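Asker: Dropping a structure here in structure tokens format, bear with me for questions.
The values are calculated or read from the model by the stated rules, or taken from the named source; none is laboratory data. Just so it is clear, the structure is predicted and the values come from calculations on it, not from any experiment. Every residue, glycine as well, gets a Cβ built from its backbone with ideal geometry; the counts of neighbours run over all protein chains shown.
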Amino acid sequence: MSLQLQAQPLTAEFYSQPATTVARKLLGARLVRVLPDGTRLSGRIVETEAYSGIDDLASHGRHRRTPRNAPMWGAPGRAYVYLSRGLYWMLNVVAEPQDQPAAVLIRALDPLEGIDVMQRHRPDRKLAELTSGPARLALALSVTGALNTADMTQGAELWIEPDQTIPDSQVRTGPRIGLGKTPEPWLSMPWRWWVGGNPYVSARSGKRG
DNA sequence: CCGAGGATTATCT
DNA sequence: GATAATCCTCGGA
């Protein structure tokens, strides 16, 4: 007899919603990573970005389907992990129904479980810099291209489960980060969501509010 | 504290 | 050949 219901991974049905809806609802949820040796690492999601549709000129799905971006057209709830700048892995969750290119980038975590192991993955980093950015959290949780297309609805090595609910009064939105020369209106589209005042929101995002 | 520039490589034009 | 959904270090104030 458990006194409390065990949290279950978010389902494909959840991820089938519009990427913007998924991005908002993921705030406060818990990203869980189980390492090959069984170590469990987790953190609360405090910053996300939505990339949706072939119209979105900031999205990898803006052009044709290619070997790299193909996961964005795939089943909702799978991981889309790609290498940025030849150096850093970015973790996304595929959103919206099959054949619609969309994903949500996980940009920052408030660390919960396995903080000592995360710090071992990022030697000599301050706690505040452990998971405050998409590449940082990928390093802390040992997320690499090996997890590309992994099914995040199964509770195996990587998934997201409900945890806290963040009220609208604490949610902030703004333009996405690092879009370079993406034209308007996509450059300024307020498709980034974060938890106001949370210290782990990525630095370049601006933590105002 | 802040801004500039380098690292490093898969991927696409 | 150019670019990229970033991070880190360094130099200057």
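Asker: Please go through the range A:81-100 and give me each residue that is without any contact (Cβ under 8 Å) to a residue 60 or more places away in the chain, near DNA strand B (Cβ under 10 Å from one of its atoms) and part of a strand (DSSP E or B), ordered by number.
Answerer: A:S84, A:Y88
Asker: Name every residue in the range A:53-80 that is in contact (Cβ under 8 Å) with a residue 40 or more places away in the chain, more than 9 Å from DNA strand C (Cβ to nearest atom) and in contact with a Pro (Cβ under 8 Å, 6 or more places away or on another chain), in order of residue number.
Answerer: Within the range A:53-80, A:G53, A:I54, A:L57, A:P76, A:R78, A:A79 qualify.
Asker: Residue by residue through the range A:158-188, note down the ones that are touching a strand residue (DSSP E or B) at 6+ places or on another chain (Cβ under 9 Å) and either within 17 Å of A:W89 (Cα to Cα) or crowded, with 19+ Cβ neighbours inside 10 Å (or both).
Answerer: Of everything in the range A:158-188, those that are touching a strand residue (DSSP E or B) at 6+ places or on another chain (Cβ under 9 Å) and either within 17 Å of A:W89 (Cα to Cα) or crowded, with 19+ Cβ neighbours inside 10 Å (or both) turn out to be A:L158, A:W159, A:I160, A:I166, A:R172, A:R176, A:I177, A:G178.
Asker: Something else: Going residue by residue through the range A:86-101, is there one that turns out to be buried (at least 24 other Cβ atoms within 10 Å of the Cβ), hydroxyl-bearing (S, T, Y) and touching a Pro at 6+ places or on another chain (Cβ under 8 Å)?
Answerer: No: zero hits.
Asker: So which residues in the range A:148-172 are more than 15 Å from DNA strand C (Cβ to nearest atom), touching a Pro at 6+ places or on another chain (Cβ under 6 Å) and modelled with pLDDT of 95 or more?
Answerer: Our first condition is that a residue be more than 15 Å from DNA strand C (Cβ to nearest atom); within the range A:148-172, this holds for A:150-151, A:153-172.
Remaining after also requiring touching a Pro at 6+ places or on another chain (Cβ under 6 Å): A:153, A:155, A:159, A:161.
Of everything in the range A:148-172, those that are more than 15 Å from DNA strand C (Cβ to nearest atom), touching a Pro at 6+ places or on another chain (Cβ under 6 Å) and modelled with pLDDT of 95 or more turn out to be A:T153, A:W159, A:E161.
Asker: Tally time: how many residues in the range A:42-53 are at pLDDT 95 or above and surrounded by fewer than 24 Cβ atoms within 10 Å (Cβ to Cβ)? Break it down into steps so the answer makes sense when it comes.
Answerer: Step one: filter the range A:42-53 for residues at pLDDT 95 or above, giving A:42-52.
Applying the additional criterion that residues be surrounded by fewer than 24 Cβ atoms within 10 Å (Cβ to Cβ) yields A:42, A:44.
Matching residues across the range A:42-53 total 2.
Asker: Output the residues belonging to the range A:54-63 that are assigned to a loop (DSSP other than H, G, I, E, B) and either surrounded by fewer than 17 Cβ atoms within 10 Å (Cβ to Cβ) or over 16 Å from the mean Cα position of the chain (by Cα) (or both). Give the derivation first.
Answerer: Initially, the range A:54-63 is screened for residues assigned to a loop (DSSP other than H, G, I, E, B), giving A:54-59, A:63.
Answer for the range A:54-63, where residues must be assigned to a loop (DSSP other than H, G, I, E, B) and either surrounded by fewer than 17 Cβ atoms within 10 Å (Cβ to Cβ) or over 16 Å from the mean Cα position of the chain (by Cα) (or both): A:I54, A:D55, A:D56, A:L57, A:A58, A:H63.
Asker: For the range A:104-160, give me each residue that is among the β-branched types (V, I, T), in a loop (DSSP other than H, G, I, E, B) and closer than 25 Å to A:E13 by Cα. I'd like the intermediate steps shown before the answer.
Answerer: Here is the first cut: in the range A:104-160, the residues among the β-branched types (V, I, T) are A:104, A:106, A:115, A:117, A:131, A:143-144, A:149, A:153, A:160.
From the residues that got through so far, the ones that are in a loop (DSSP other than H, G, I, E, B) too are A:131, A:143-144, A:149, A:153.
Correct list: A:V143, A:T149, A:T153.
Asker: Looking at A:A140, is it within 15 Å of DNA strand B (Cβ to nearest atom), under 18 Å from A:S202 (Cβ atoms) and out of contact with any Cys (no Cβ under 6 Å at 6 or more places or on another chain)?
Answerer: On the way: within 15 Å of DNA strand B (Cβ to nearest atom): no; under 18 Å from A:S202 (Cβ atoms): yes; out of contact with any Cys (no Cβ under 6 Å at 6 or more places or on another chain): yes.
No: the conditions fail for A:A140.
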